[in-house]
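Please treat every number below as a calculation from the coordinates, not as lab data. These numbers were taken from a predicted model, which means no experiment stands behind them. Using ideal geometry, Cβ is built from the backbone for each residue, glycine included, and neighbour counts are taken over all protein chains shown.
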Amino acid sequence: MPSEDSVLMHKTLVSDELWKIIEPHLPPDPSKEKGGRPRIPNRNAFAGIVYVLKSGVPWRMLPKEVGGGSGTTCWRRLRDWQKAGVWWRLHRILLDHLGRADLIDWSRASLDSASIPAKRGARRPVPTHWTAVAPARSDTSSPTQVVCR
């Protein structure tokens, strides 16, 4: 049974409203054919992940009060959800929700080629030609003659 502190902590990190959006997009829990220790609830693990990502603490220092189990448990859930494409889907869904609510400050937005692919059929940039084959000669890099007597 989770402590009252851990319930409060994970509800603070992941509100009921936010959890209603997130929960349907998580993969189903794997079956435990051999039994074993009960699995930490997804909401608690998600709260642990949010805590580590927001605070910057190492996974091994995740406080028990968060209720997400150990840092290793939360890290594994993060890894598994990443492989399942959960984070990409949640990013798109949450941006859509924020956009519909007019809560995105577009004056602070930036795009790059990693997030927005180039248009198909767009002209490729002309390659930049080299202006010199070798660096320019200067007093510090030019060869000197050695005079022997």
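Numbers at a glance
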| item | result |
| --- | --- |
| Distance between the range 55-112 and the range 8-54 - C-alpha centres, whole angstrom | 12 Å |
| Whole-Hz couplings from phi, Karplus 6.51/-1.76/1.60, listed for the range 72-85; x for Gly and Pro | 5, 4, 5, 4, 5, 5, 4, 4, 5, 5, 5, 4, 7, x |
| Gain upon complete extension [residue 93, residue 12; 0.36 nm per residue less C-alpha separation] | 27.1 nm |
| Residue exposure sequence - 50, 126 - by fewest surrounding Cβ within 10 Å | 126, 50 |
| Estimated distance in nm for a label pair at residue 33 and residue 70, the labels positioned 7 Å out from Cα along Cα-to-Cβ | 2.5 nm |
| Packing-based exposure ordering (other Cβ within 10 Å, fewest first) of 17, 65 | 17, 65 |
| Net charge of Cβ neighbours under 12 Å - reference residue 52; Lys, Arg +1; Asp, Glu -1 | +3 |
| Extension reserve of the residue 107-residue 119 stretch, reckoned as 0.36 nm per residue once the Cα distance is removed | 2.0 nm |
| Residues 57, 66 arranged by fewest to most Cβ contacts within 10 Å | 57, 66 |
